[in-house]
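Taking it in order: structure first as structure tokens, then the write-up.
The values are calculated or read from the model by the stated rules, or taken from the named source; none is laboratory data. Quick caveat, the model's predicted, so the values are computed rather than measured. Quick reminder, even Gly has a Cβ in these numbers, built from the backbone with ideal geometry, and neighbours come from all protein chains shown. Quick note on the areas: whole protein, heavy atoms, side chains included, nothing else; ligands and nucleic acids left out. Shrake-Rupley method; radii C 1.70, N 1.55, O 1.52, S 1.80 Å.
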Amino acid sequence: MEEYIMNNTFDKMTFKVLLATTMREKEDGYVVSEIFNRYPSIQELLEVTEEELLTIKGIGKVKAKQIVAALKLARMQPTPVEERFTIRSPEDAYTFLKDMQYLTQEHFVVLGLNTKNEVLFRETVFIGSLNASIVHPRETFKHLIRRSCASAIVAHNHPSGNPQPSREDIEVTKRLNEVGKVVGIEILDHVIVGQEQYISLKEKGYL
């Protein structure tokens, strides 16, 4: 395994092969796919812990240790610089999230940004009708804190196609904004994605 690692410059496909080989699984198998769904960027993957891996069905203590050991070796290899999308305006956020207009259920998404407003990750934290008591700040901020994000943009879609904010949308926005001030991660905007249109709650004055 070490020889395999030392002879490769790592990109996402190489990591997929590495994990499949380590676990003796298929590259498109459930476990490998689930790891990449939860940790889509190379940096997130390299920082994964045994405890986090154990929450994935099909990974026990032995496999978790093997994966972390393989990733530690991978850290010593050069990895490509990932091109990151920069968000400078609500329109940029909508462009990045435009695919959400085709979802048939409401998805609540958080984008973690660095100090340059570059997107570090995109995470769906909730699926279903938006409610301030359901969209818990803990789920929204845990990835932001883990990746030491400077700020964030949250977003969700309206399957009806009409992006007009509801009372619940506004309540969720205000609640997350308050928590962001406490933890030091600013919520820059809450974008509602409709059919070929969007609404920025920042522009509407709710942030």
>> Name the single residue that is modelled with the highest pLDDT among those in the stretch 11-41 being among the basic types (Lys, Arg) and surrounded by 14 or more Cβ atoms within 10 Å (Cβ to Cβ).
In response: Arg38
>> Report every pair of residues separated by at least 6 positions or lying on different chains whose Cβ atoms are under 6 Å apart, first residue within the stretch 181-207 and under 13 Å from Gln164 (Cβ atoms), second open to solvent by 60 Å² or more (accessible area, probe 1.4 Å) and assigned to a loop (DSSP other than H, G, I, E, B).
In response: Gly194/Asn162
>> Could you check the stretch 42-55 and list, in sequence order, the residues that are open to solvent by less than 40 Å² (accessible area, probe 1.4 Å) and more than 14 Å from Met13 (Cβ to Cβ)?
In response: Glu44, Leu46, Val48, Leu53
>> I'm trying to understand the selection: among the residues of the stretch 36-74, which are without any contact (Cβ under 8 Å) to a residue 24 or more places away in the chain and β-branched (Val, Ile, Thr)?
In response: Val48, Thr49, Thr55, Val62, Val68
>> Can you say whether Gln195 is out of contact with any helix residue (DSSP H, G or I) (no Cβ under 9 Å at 6 or more places or on another chain) and at negative phi, as far as the supplied structure shows?
In response: no
>> I'd like the full set of residues that are closer than 15 Å to Val191 by Cα, among the acidic types (Asp, Glu) and over 11 Å from the mean Cα position of the chain (by Cα), limited to the stretch 93-146.
In response: Asp99, Glu106
>> Residue under question is Asp99, and the condition is that it be open to solvent by 50 Å² or more (accessible area, probe 1.4 Å) and assigned to a loop (DSSP other than H, G, I, E, B); does it hold?
In response: no
>> Test of understanding: among Thr104, Thr115, which residue is modelled with pLDDT of 90 or more, closer than 30 Å to Gly180 by Cβ and open to solvent by 80 Å² or more (accessible area, probe 1.4 Å)?
In response: Thr115
>> Can you name every one of the helices (runs of 4 or more DSSP H) wholly within the stretch 12-73 that holds 2 or more residues which are more than 20 Å from the chain's Cα centre (by Cα)?
In response: 12-23
> Quick check, is His156 on the phi < 0 side of the Ramachandran plot, free of Cβ contacts under 8 Å to residues at least 60 places away in the same chain and open to solvent by less than 30 Å² (accessible area, probe 1.4 Å)?
Replying inline: yes
